[in-house]
1. Scan segment 63-77 for residues that are away from ligand 2 (no atom under 11 Å from the Cβ) and part of a helix (DSSP H, G or I) and report the count.
2. Can you give me the number of residues within segment 301-325 that are surrounded by 23 or more Cβ atoms within 10 Å (Cβ to Cβ), modelled with pLDDT of 95 or more and assigned to a loop (DSSP other than H, G, I, E, B)?
3. Looking at segment 16-62, which of its residues are among the acidic types (D, E) and either part of a loop (DSSP other than H, G, I, E, B) or near ligand 1 (Cβ under 8 Å from one of its atoms) (or both)?
4. If you take the residues in segment 224-252 that are assigned to a helix (DSSP H, G or I), touching a strand residue (DSSP E or B) at 6+ places or on another chain (Cβ under 9 Å) and not hydrophobic (A, V, I, L, M, F, W, C), which one is least open to solvent (accessible area, probe 1.4 Å)?
5. Can you spot a residue in segment 192-206 that is polar (S, T, N, Q) and either without any contact (Cβ under 8 Å) to a residue 24 or more places away in the chain or touching an Asp or Glu at 6+ places or on another chain (Cβ under 6 Å) (or both)?
6. Can you confirm whether segment 85-100 contains a residue that is free of Cβ contacts under 8 Å to residues at least 60 places away in the same chain, more than 12 Å from ligand 1 (Cβ to nearest atom) and over 20 Å from V15 (Cα atoms)?
7. Condition first: near ligand 1 (Cβ under 9 Å from one of its atoms) and either among the charged types (D, E, K, R) or open to solvent by 20 Å² or more (accessible area, probe 1.4 Å) (or both). Now tell me which residues in segment 63-84 satisfy that.
8. For segment 111-125, check the following and say yes or no: at least one residue is surrounded by 15 or more Cβ atoms within 10 Å (Cβ to Cβ), within 14 Å of ligand 2 (Cβ to nearest atom), at pLDDT 95 or above and part of a strand (DSSP E or B).
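The values are calculated or read from the model by the stated rules, or taken from the named source; none is laboratory data. This structure is a prediction, so every number in the text was calculated from the model and none was measured. Reconstructed Cβ throughout: ideal geometry from the backbone, glycine too, with neighbour counts over all protein chains shown. Just the protein is used for accessible areas: all its heavy atoms, side chains included, with ligands, DNA and RNA removed. Shrake-Rupley method; radii C 1.70, N 1.55, O 1.52, S 1.80 Å.
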Amino acid sequence: MAKKQQSDQKQSDYVVHVAVAVIRGDDGRILVARRPDDKHMGGLWEFPGGKVEPDEDLKEALNRELMEELDITVSTFQPLITIQHQYPEKTVLLDTWLVSGVNGTPKGNEGQEVQWVEADGLTGLDFPPANEPIVNAVLLPGQYMVTGLFSSAAELIEKVSRQLENGLRLIQFRAPWLQEKPYLHLARELHHLCQPFNAKLLLKGDPELLQETWCDGIHLRSDQLSIPASEWKRYRRKGQWLAASCHNEEQLRAAEVAGMDFVTLSPVRPTKSHPGRLSMGHERATELTLCSRVPVYWLGGLGRSDESLAIDCGAQGVAGIGAFWLTH
Ligand SMILES: Nc1nc2c([nH]c(=O)n2[C@H]2C[C@H](O)[C@@H](COP(=O)(O)OP(=O)(O)OP(=O)(O)O)O2)c(=O)[nH]1
Ligand SMILES: [Mg+2]
């Protein structure tokens with residue numbers, strides 16, 4: 001008995017390294033396959049991939065798996081997110097890459113159903129439990145703007161409009177100097193601006209704001225992560241984003257426990273807005289990001305041009321106030 005318990009323990013401690021491909025076709029749709037019934041998580045949808053063999057690098061593993069399972073190869077690779085997930089029977093490390101440049105026409109070599117879906121359609125499919133952050137990472141853009149100082153509603157609207165035209169699709173409306181009523185009034189105007197661009201506007205404040213029917217989501221301060229998720233999750237409607245600000249490992253874990261969809265991690269570099277505050281630097285930010293089970297935006301002293309650096313280090317992209325707010 002003791003021996004069996006020990007070997008069960010060993011099995012769940014052992015981490016299976018899995019190469020996973022979010023395959024984007026030329027038309028922007030994503031390829032998903034149904035896992036064969038007799039496999040772990042059988043019958044559920046998956047992003048194709050499989051176990052990495054010893055001495056294989058990730059790209060080799062992905063192309064071998066994609067050839068075996070679907071008769072295709074891919075030529076462009078971008079890291080998306082790395083998720084370690086403990087199932088009762090095993091622990092997997094889903095090393096997930098956004099890939100494109102598909103050679104060949106995908107077909108289910110193992111008899112599995114395959115289909116191309118719009119990114120928005122991914123939320124309606126049944127995936128294994130480990131996949132939720134992968135779907136969020138596919139849906140989230142590479143840049144997240146936090147609004148900065150403004151001296152009039154006209155200035156706020158002009159700046160947000162300009163950034164929407166520049167391609168921004170995720171915005172946090174931050175104005176801690178305003179009372180709730182004028183804040184919500186302006187937020188509604190911004191939400192109106194965002195809609196034609198299909199951009200999302202996150203509010204800063206109490207979780208009760210999720211009850212506003214037009215609210216796309218909320219961004220919490222790190223000290224709000226201690227509010228038990230059960231107290232406010234009941235307000236949440238499908239499609240609303242939950243995000244939080246994190247500055248260290250403990251807060252990242254708290255954000256996962258609280259069920260956040262994504263976080264910002266700061267300050268990665270020194271910033272003008274917080275002079276003298278110690279920044280964590282790229283190396284520490286990379287370490288923390290790779291251990292996070294939710295998508296992470298790097299924040300603090302970074303600009304739009306740092307997006308690919310952040311992505312290469314495992315992040316979802318960059319968030320910023322100054323770099324987005326002040327540029328034209
Ligand atoms: N490929 C893939 N595996 C996933 C996803 N989500 C998820 O939890 N997993 C789990 C299920 C499996 O336990 C493991 C991947 O194993 P696999 O069955 O794809 O491995 P493989 O292709 O090498 O297959 P095999 O040789 O073991 O038959 O990761 C996903 O989206 N894609
Ligand atoms: Mg597989």
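1. Number satisfying all stated conditions: 2.
2. The number of residues fulfilling the criteria is 2.
3. Scanning segment 16-62 gives D26, D27, D37, D38, E46, E53, D55, E56, D57.
4. Top of the filtered list is Q224.
5. Yes, segment 192-206 contains at least one residue that is polar (S, T, N, Q) and either without any contact (Cβ under 8 Å) to a residue 24 or more places away in the chain or touching an Asp or Glu at 6+ places or on another chain (Cβ under 6 Å) (or both).
6. no
7. E65, E68, E69
8. Scanning segment 111-125, I find at least one residue that is surrounded by 15 or more Cβ atoms within 10 Å (Cβ to Cβ), within 14 Å of ligand 2 (Cβ to nearest atom), at pLDDT 95 or above and part of a strand (DSSP E or B), so the answer is yes.
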